[in-house]
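**Q** If you scroll down you'll find the structure; I have some questions about it.
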Amino acid sequence: MLEEGVKRDLRGDVMRILHAALGAVDPSAAVRRHVRREGTQLIVGERRLDLSHYRHVFVLALGKAAYPMAYALQVLLGSRLDRGVLVTKYGHLAAALDERWVVIEAGHPVPDENSVRGAQALAALAEQAGAEDLILCALSGGGSALATWPVEGISLSDLQAVTDLLLRAGATIHELNAVRKHLDRIKGGGLARCAFPATVLTLVLSDVVGDDLSVIASGPMAPDPSTFYDAWRVLNRYGLLERVPLPVRMRLEAGLHGRIPETPKPGDEIFHRVSHVIVASNRLAAQAALEEAARLGYHPFLLSTFVEGEAREVARVIAAIAKEIATTGRPVPRPACVVWGGETTVTVRGSGRGGRNQELVLSAAIALQGWPEVVVASMGTDGIDGPTDAAGAIADGESVHRAYLLGLDAMGHLNANDAYAFFEALGDLIRTGPTGTNVNDIGVMLVGHS
């Protein structure tokens, strides 16, 4: 621990801590930590699969981290891999895989035509698998938008409209996916239905608070506990029942009255040969951040990896904790590092640009203006925050004053949901580019000596 009075590079330390968090959830390394091969034996944790017992071995990779996970499996399986399908976001391919793969880049956070192609390709390969075949499924965040195949009667434009409305309303990922799973063929266990009766081992890079398997990428290989009633309630809660396309409302009504079947539920035979292993999560990233903070000489404190809620409101709580630490040394003495993870939401009311992490940091900067020796940063671990090229932002007690000198009104930018322009003018956007991983958001707050 550095002695009191030693000048710290708080901003530099924040970035070192964030980079340590990202390094801990590298997708390829995560796969290699959990999966290894000894001859014909594929070892996943304490489970052993004898590859010689399977006629074919297929890989289905879906999500923002699909490429590094798929590449790690390709190296691991070698010639034993027969075919694979990879669906990821535009710009997330590091290099070409070999000729055994079908590779599709698609839209996120709103699906596009390639999202439909991707879902159909995943389903087609899954349906080719039989009882003597093995499917390794690599899932990561973003899969809900990247692969979507609307059910009969629902168009892609219908799904796009619903997704956009729910995102703008500030719906949580659990709420958004409850709706999408009831409008899509492969979500909510739909891909497991295609794969039955093959053996399926799903490797998961979790981007969902609490690591709920039914929500990550909309749970294509997991039972769906949500119902048509749940989906209806979500739309009603946000006042969207009259705004969603008519075919969406008609399908949910049909489901409510039992005229169409529910998504596959726990206990369904299609899941008897399906298993899941979480290979990396927000919790792992947060732990790495805490360890780096301690190495740098801070007293580390994990606030929570279950942080949800409106970004600007969460920020006020973060700021209040900073003030408590600065004033009383509780709940952790200075120099302090507070780490949190999760996924906040933004209710879009303005016409500006930004993302949930940028909005959180702007709101915190306003609450902390004039407080010395406090730095706050928050970023999406995938390197993308909202519809911007930034991963997040960083601010301190002087940020609002610096902005004022540039003619910027911090509260005006917050009210306009325009955090991007605010931090771009200050040079305080965090830009990493696509990181190749995706385990939700990581936030760090440092409180130095007075």
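**Q** Do we have any residue at all in the range 76-99 that's among the small types (Gly, Ala, Ser), surrounded by 13 or more Cβ atoms within 10 Å (Cβ to Cβ), at pLDDT 95 or above and more than 30 Å from TYR298 (Cα to Cα)?
**A** Filtering the range 76-99 for residues among the small types (Gly, Ala, Ser) gives 78-79, 84, 91, 94-96.
Right, trim to surrounded by 13 or more Cβ atoms within 10 Å (Cβ to Cβ) and you get 84.
Then keep just the ones that are at pLDDT 95 or above; that gives 84.
Those left that are additionally more than 30 Å from TYR298 (Cα to Cα): 84.
The answer is yes; a qualifying residue exists.
**Q** Name the single residue, out of those in the range 1-23 being modelled with pLDDT under 95 and of a type in the set (A, V, I, L, M), that is farthest from the chain's Cα centre (by Cα). Walk me through how you get there before you give the answer.
**A** Going residue by residue through the range 1-23, those that are modelled with pLDDT under 95 are 1-9, 23.
Next cut, of a type in the set (A, V, I, L, M) only: 1-2, 6.
On the way: MET1: 34, LEU2: 35, VAL6: 38 Å.
In this case the residue turns out to be VAL6.
**Q** Right, something else. Of the numbered conditions (1) without any contact (Cβ under 8 Å) to a residue 24 or more places away in the chain; (2) out of contact with any His (no Cβ under 8 Å at 6 or more places or on another chain); (3) in a strand (DSSP E or B), GLU105 satisfies every one except a single condition; which is it?
**A** It fails just one condition, (2).
**Q** Then there's this: Is it the case that the range 348-371 has a residue that's among the aromatic types (Phe, Trp, Tyr), within 23 Å of LEU284 (Cα to Cα) and surrounded by fewer than 24 Cβ atoms within 10 Å (Cβ to Cβ)? Spell out the reasoning first.
**A** To start, the set of residues in the range 348-371 that are among the aromatic types (Phe, Trp, Tyr) comprises 371.
Add one more test, that the residue is within 23 Å of LEU284 (Cα to Cα), and what stays is none.
For the range 348-371, residues among the aromatic types (Phe, Trp, Tyr), within 23 Å of LEU284 (Cα to Cα) and surrounded by fewer than 24 Cβ atoms within 10 Å (Cβ to Cβ): absent.
**Q** Okay, next question. Yes or no: the range 295-302 includes at least one residue that is outside the structural domain of PHE196 (by TED's automatic domain parsing), modelled with pLDDT of 95 or more, in a loop (DSSP other than H, G, I, E, B) and surrounded by fewer than 19 Cβ atoms within 10 Å (Cβ to Cβ).
**A** Applying the first criterion (outside the structural domain of PHE196 (by TED's automatic domain parsing)) to the range 295-302 yields 295-302.
Remaining after also requiring modelled with pLDDT of 95 or more: 295-302.
From the residues that got through so far, the ones that are in a loop (DSSP other than H, G, I, E, B) too are 296-298.
Imposing the further condition that a residue be surrounded by fewer than 19 Cβ atoms within 10 Å (Cβ to Cβ) reduces the set to 297.
Within the range 295-302, one or more residues are outside the structural domain of PHE196 (by TED's automatic domain parsing), modelled with pLDDT of 95 or more, in a loop (DSSP other than H, G, I, E, B) and surrounded by fewer than 19 Cβ atoms within 10 Å (Cβ to Cβ).
**Q** Taking the conditions exactly as written (crowded, with 17+ Cβ neighbours inside 10 Å, out of contact with any helix residue (DSSP H, G or I) (no Cβ under 6 Å at 6 or more places or on another chain) and at pLDDT 95 or above), does ASP158 satisfy them or not?
**A** No, not satisfied.
**Q** A further question on this structure: Within the bounds of the range 145-152, is there any residue that is in a helix (DSSP H, G or I) and within 23 Å of PRO68 (Cβ to Cβ)? Break it down stepwise before answering.
**A** Kept after step one, since they are in a helix (DSSP H, G or I), are these residues of the range 145-152: 145-146.
Those left that are additionally within 23 Å of PRO68 (Cβ to Cβ): 145-146.
Yes, because at least one residue in the range 145-152 is in a helix (DSSP H, G or I) and within 23 Å of PRO68 (Cβ to Cβ).
**Q** Here's something else I'd like to know. Is it the case that PRO220 is buried (at least 23 other Cβ atoms within 10 Å of the Cβ), modelled with pLDDT of 95 or more, assigned to a loop (DSSP other than H, G, I, E, B) and not basic (Lys, Arg)?
**A** Working: buried (at least 23 other Cβ atoms within 10 Å of the Cβ): yes; modelled with pLDDT of 95 or more: yes; assigned to a loop (DSSP other than H, G, I, E, B): yes; not basic (Lys, Arg): yes.
Yes; evaluated as a whole, the condition is true for this residue.
**Q** Just to be sure, is ALA161 in the same structural domain as HIS272 (by TED's automatic domain parsing) and of a type outside the set (Ser, Thr, Tyr)?
**A** Working: in the same structural domain as HIS272 (by TED's automatic domain parsing): no; of a type outside the set (Ser, Thr, Tyr): yes.
Taking the combined requirement at face value, the residue does not satisfy it.
**Q** Here is a further query. If ALA421 satisfies all but one of (1) touching a His at 6+ places or on another chain (Cβ under 8 Å); (2) buried (at least 20 other Cβ atoms within 10 Å of the Cβ); (3) farther than 25 Å from ARG16 by Cβ; (4) of a type in the set (A, V, I, L, M), what's the number of the condition it fails?
**A** So the condition that ALA421 fails would be (2).
**Q** So, of the residues in the range 43-52 that are in contact (Cβ under 8 Å) with a residue 12 or more places away in the chain and not charged (D, E, K, R), which turns out to be farthest from SER79 (Cα to Cα)? It would help to see each step written out before you state the result.
**A** Residues of the range 43-52 in contact (Cβ under 8 Å) with a residue 12 or more places away in the chain: 44-45, 47, 49, 51-52.
Next, only the ones that are not charged (D, E, K, R) stay: 44-45, 49, 51-52.
Working: VAL44: 19, GLY45: 23, LEU49: 16, LEU51: 11, SER52: 12 Å.
So, considering only residues that are in contact (Cβ under 8 Å) with a residue 12 or more places away in the chain and not charged (D, E, K, R), the one farthest from SER79 (Cα to Cα) is GLY45.
**Q** I would also like to ask the following. Mind listing whichever residues of the range 405-450 are in a helix (DSSP H, G or I) and polar (S, T, N, Q)?
**A** As a first pass, look at the range 405-450 and keep what is in a helix (DSSP H, G or I): 405, 410-415, 419-426.
ASN415 - this is the single residue of the range 405-450 that is in a helix (DSSP H, G or I) and polar (S, T, N, Q).
**Q** Mind checking whether some residue in the range 356-371 is on the phi > 0 side of the Ramachandran plot, at pLDDT 95 or above and in contact with a His (Cβ under 9 Å, 6 or more places away or on another chain)? So that I can check it myself, show each step before the final result.
**A** Pass one, the range 356-371, residues on the phi > 0 side of the Ramachandran plot: 370.
Now drop any that are not at pLDDT 95 or above, which leaves 370.
Now restrict to residues that are in contact with a His (Cβ under 9 Å, 6 or more places away or on another chain): 370.
For the range 356-371, residues on the phi > 0 side of the Ramachandran plot, at pLDDT 95 or above and in contact with a His (Cβ under 9 Å, 6 or more places away or on another chain): present.
**Q** Right, another one. Would you please name the residue that is surrounded by the fewest Cβ atoms within 10 Å (Cβ to Cβ), looking only at residues in the range 161-210 that are over 16 Å from THR263 (Cβ atoms) and of a type in the set (D, E, K, R)?
**A** ASP164
**Q** Is it true that some residue in the range 198-212 is more than 22 Å from the chain's Cα centre (by Cα) and acidic (Asp, Glu)?
**A** no
**Q** Scan the range 130-139 and give yes if some residue there is assigned to a helix (DSSP H, G or I), charged (D, E, K, R) and assigned by TED's automatic domain parsing to the domain that holds VAL103, otherwise no. Can you show your working first?
**A** Going through the range 130-139, the residues assigned to a helix (DSSP H, G or I) turn out to be none.
There is no residue in the range 130-139 that is assigned to a helix (DSSP H, G or I), charged (D, E, K, R) and assigned by TED's automatic domain parsing to the domain that holds VAL103.
The values are calculated or read from the model by the stated rules, or taken from the named source; none is laboratory data. Fair warning: this is a prediction, and the values are worked out from it, not measured in the lab. Please note: Cβ atoms are built from the backbone with ideal geometry, for glycine as well, and neighbour counts cover all protein chains shown.
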